[in-house]
1. So in the stretch 140-164, with the set limited to residues that are open to solvent by 10 Å² or more (accessible area, probe 1.4 Å) and more than 15 Å from the chain's Cα centre (by Cα), which one is farthest from GLY269 (Cα to Cα)?
2. Going through HIS319, HIS276 one at a time, which residue ends up being open to solvent by 10 Å² or more (accessible area, probe 1.4 Å), in contact (Cβ under 8 Å) with a residue 40 or more places away in the chain and touching an Asp or Glu at 6+ places or on another chain (Cβ under 6 Å)?
3. One residue is enough: does the stretch 186-197 have a residue meeting the conditions closer than 30 Å to MET237 by Cβ and within 18 Å of the chain's Cα centre (by Cα)?
4. Which helices (runs of 4 or more DSSP H) does the stretch 248-334 wholly contain that include 3 or more residues that are at negative phi and small (Gly, Ala, Ser)?
5. Tell me yes or no: at least one residue of the stretch 83-105 is closer than 30 Å to ASN222 by Cα, among the charged types (D, E, K, R), at pLDDT 90 or above and in contact with a Phe, Trp or Tyr (Cβ under 9 Å, 6 or more places away or on another chain).
6. Go over the candidates PRO124, PRO128 one by one and state the one that is open to solvent by less than 20 Å² (accessible area, probe 1.4 Å) and farther than 15 Å from GLN54 by Cα.
7. Checking the condition in contact (Cβ under 8 Å) with a residue 40 or more places away in the chain and in contact with a Cys (Cβ under 8 Å, 6 or more places away or on another chain), which residue from THR122, THR127 passes?
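The values are calculated or read from the model by the stated rules, or taken from the named source; none is laboratory data. Because the structure is predicted, anything quoted here is derived from the model rather than measured. Please note: Cβ atoms are built from the backbone with ideal geometry, for glycine as well, and neighbour counts cover all protein chains shown. SASA here: full protein model, heavy atoms, side chains in, ligands and nucleic acids out. Shrake-Rupley method; radii C 1.70, N 1.55, O 1.52, S 1.80 Å.
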Amino acid sequence: MGNLLKVLTREIENYPHFFLDFETLCVSRFLCFLDAQPTEGEREIWNQISAVLQDSESILADLQAYKGAGPEIRDAIQNPNDIQLQEKAWNAVCPLVVRLKRFYEFSIRLEKALQSLLESLTCPPYTPTQHLEREQALAKEFAEILHFTLRFDELKMRNPAIQNDFSYYRRTISRNRINNMHLDIENEVNNEMANRMSLFYAEATPMLKTLSNATMHFVSENKTLPIENTTDCLSTMTSVCKVMLETPEYKSRFTSEETLMFCMRVMVGVIILYDHVHPVGAFCKTSKIDMKGCIKVLKEQAPDSVEGLLNALRFTTKHLNDESTSKQIRAMLQ
């Protein structure tokens, strides 16, 4: 990434001769950052984030395997006086709720991890671009978080059983509370925890919402830090991804479809964070993100592979429908 700074500050006109090697970023239980080991200055934060990310694959596998308790719940609702069916549904739902709690608690860990990374990648005296060049191991962990987030939300949106199961759980708990009954699972998921989980799963894209809120919270809590430090970090990462995706020389070095998806998810993720943090968002003319170019890159891919990412831009961004958004960009996202 030696020429990245020159490119992004427009010191050279042509595309940069750099390639942020996302091949080593493919999510795997056996992640090894062969080309970007943390420096001594990065190591403490890198270790903290790595400890969080090591659980990301098991979270995704668990979510992908989530089948829900739909048949049991349906039978219980249709036969309210059948005690055996009520117990069967309850016994099916309880372990699922414990699993959903694990997902929710992981989102809290991810939120803290993101804020630590933002602090490291935006603090003076270096500019955000210089940070990304100097601290590539941390930049990779930032990308990993975004990749996980988009994958998690894609899976969650395709699984309505999650909200159905949790709704049934809450109804049953409320009914038992009215009858002064206490169930063992309330020691695991009490009323306060259930309320927070309910708000989390009510979101179409709960992980993206969590990270967007975390980024806004970071900006609001660090008032002495110019907001440009954060937005420039995000726009720089977007530019890197877009250049790699639209330049055949670089794109040809992707050896798998998953690497291509990784790069696209990271690009979309940082756009969404930028749009929530920047006062006028990612879609206005003054934005440092080339939204037309980013959307064009996505629409050049197979429709089935990018529809979820385009929907994320359509429905989870903050400023798409502002008057400052050009009609052309809106049309591209229709």
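1. ASN164
2. Within the list HIS319, HIS276, the selection yields HIS319.
3. Scanning the stretch 186-197 turns up no residue that is closer than 30 Å to MET237 by Cβ and within 18 Å of the chain's Cα centre (by Cα).
4. Output list reads 303-315.
5. No, that holds for no residue.
6. PRO128 is the lone residue from the list that is open to solvent by less than 20 Å² (accessible area, probe 1.4 Å) and farther than 15 Å from GLN54 by Cα.
7. THR122
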